[in-house]
Amino acid sequence: MDNLLNKITLSAQTEILNECVRKETPLADVLLQKGLTYDSLRYREYSDVMPKNKTGELLDNKEKMPAMVPAISFFSGAGGLNIGFEYAGFDNLVSIELNEVFCNTLKLNFPKKTIIGPPNNVGDVRQHEKISALLEAVIGSEKPFDGVFHGGPPCQSFSIAANQRFSKNSENFKRQGFDDEEKGELLFDYLWYIKRFMPRAFLIENVAGIEYCDDDGKIKIALDELATLGYEIHSPKIVNAAYFGVPQNRMRWLIIGFRTGKSIDFPIPNDYMTACYETFNRSLENVENHLTREHTAESVSRYMQLAYGTRDKLGRVDRLNPYIPSKTVIAGGTKGGGRSHLHPYSPRTISVRECARLQTFPDSYVFTGATARQFTQVGNAVPPLLAYKIAVQIKKGL
């Protein structure tokens, strides 16, 4: 295993860690003095079993199709859906995003596209008339819109993982769903724009937990209303991205609606789940967003005892098993902003770039802002490869 080359011995590592604890010296400083990095450190245990299905797909290796179909991106975030649709041959004319840091990332990576959001203008989709006016300034007022809408309304209100960050005694632990005053109704704001502009097709993406919050059937009622306007709407599908080439367990809830008179099929899943083995065997030379956290000697001493797939209970971080899909990438940070998982071969948390690879972002895609906010952008995104496969099917139907 190439990853285990250039590791120091366990005895040398233990000596360094003990010295740091005894002298209260930062481990990062000692490693630097010795010409080592955190990737020079090792776990006690490794497995040499090769994954059965280790071959993954990379958007980096795919050629973008010619941009033939216009698209509008809602709740664009860091651009996961945007990337997938761009590679599939869509022209994302406008991206709408509320968060200024996310907007900066979109502007950096899509410099020629229109970004509706701060600091230049409002990106709040709840302000229907303002956003509509900004949209019409780009795409015109003629309706129906001869293109596609895609968007994933913020999902924290419906997410199990997002709410498990809190203590079980906290009022935030229980999913608020549609009762969340700030984010619970954004799905219906998105549907308002679909009714206003009548795109040829639309995609709605969210966490699987959204269905469990719809006790009153509000989603079905809203979709039935769209059906009366001429849309054919697929029944919601819950998919695991790991069956679509993404090296990560990530459950998503998807709806496709279309008014083309032709069926749009969902992409066919693989008959296997993609392992994250190859993600951690790729070179990290000359890539952006690969700043790793400087752990203490005490933390590394705990981490190095972990077997694949087990958790450090104090730090609440898991050592990834490279022979199966990664655990879900979450919106973590470097200092109190959440947590990322532990690298399978080096006793440290993984970097933004490594998280982005698990999400299938191309290496050429750069994230802006503080490291903690970069983790947030990556963790909140739709895996671009999954978006690409859905977008290909939508384009076929159009």
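The values are calculated or read from the model by the stated rules, or taken from the named source; none is laboratory data. If you're wondering where the values come from, they're calculated on a predicted model, not measured in any experiment. Heads up, the Cβs are rebuilt from the backbone with ideal geometry, glycines too, and the neighbour counts pull from every protein chain shown.
Side notes on the structure shown:
- Within the stretch 108-133, being without any contact (Cβ under 8 Å) to a residue 12 or more places away in the chain and in contact with a Leu (Cβ under 7 Å, 6 or more places away or on another chain) holds for no residue.
- Across the stretch 347-378, the number of residues qualifying as of a type in the set (Gly, Ala, Ser) and crowded, with 24+ Cβ neighbours inside 10 Å comes to 1.
- Qualifying helices (runs of 4 or more DSSP H) (wholly inside the stretch 25-121; at least 1 residues being out of contact with any helix residue (DSSP H, G or I) (no Cβ under 8 Å at 6 or more places or on another chain) and more than 30 Å from Ala12 (Cα to Cα)): 80-87, 100-109
- Against the numbered list (1) touching a Ser or Thr at 6+ places or on another chain (Cβ under 7 Å); (2) in a loop (DSSP other than H, G, I, E, B), Leu17 comes up short only at (2).
- Within the set Ile255, Ile268, the sole residue that is aliphatic (A, V, I, L, M) and part of a strand (DSSP E or B) turns out to be Ile255.
- Residue match in the stretch 196-206 (condition: polar (S, T, N, Q) and at pLDDT below 50): no
- Residue check, Pro322 crowded, with 23+ Cβ neighbours inside 10 Å and in contact (Cβ under 8 Å) with a residue 40 or more places away in the chain: yes
- In the stretch 138-151, residue nearest to Pro199 (Cα to Cα) [restricted to those that are over 30 Å from the mean Cα position of the chain (by Cα) and of a type outside the set (Asp, Glu)]: Pro144
- Verdict on Arg282 being over 30 Å from Lys220 (Cβ atoms) and either more than 20 Å from the chain's Cα centre (by Cα) or at pLDDT below 95 (or both): yes
- Looking only at residues of the stretch 218-248 that are under 30 Å from Gly309 (Cα atoms) and in contact with a Lys or Arg (Cβ under 6 Å, 6 or more places away or on another chain), we find that the one that is surrounded by the fewest Cβ atoms within 10 Å (Cβ to Cβ) is Val239.
- Selection of the stretch 59-85 for residues being within 21 Å of Ile194 (Cα to Cα) and surrounded by fewer than 24 Cβ atoms within 10 Å (Cβ to Cβ) yields Met68, Val69, Pro70.
- Applying the condition of being under 21 Å from the mean Cα position of the chain (by Cα) and modelled with pLDDT of 70 or more to the stretch 174-195 and asking which residue is surrounded by the fewest Cβ atoms within 10 Å (Cβ to Cβ) yields Tyr190.
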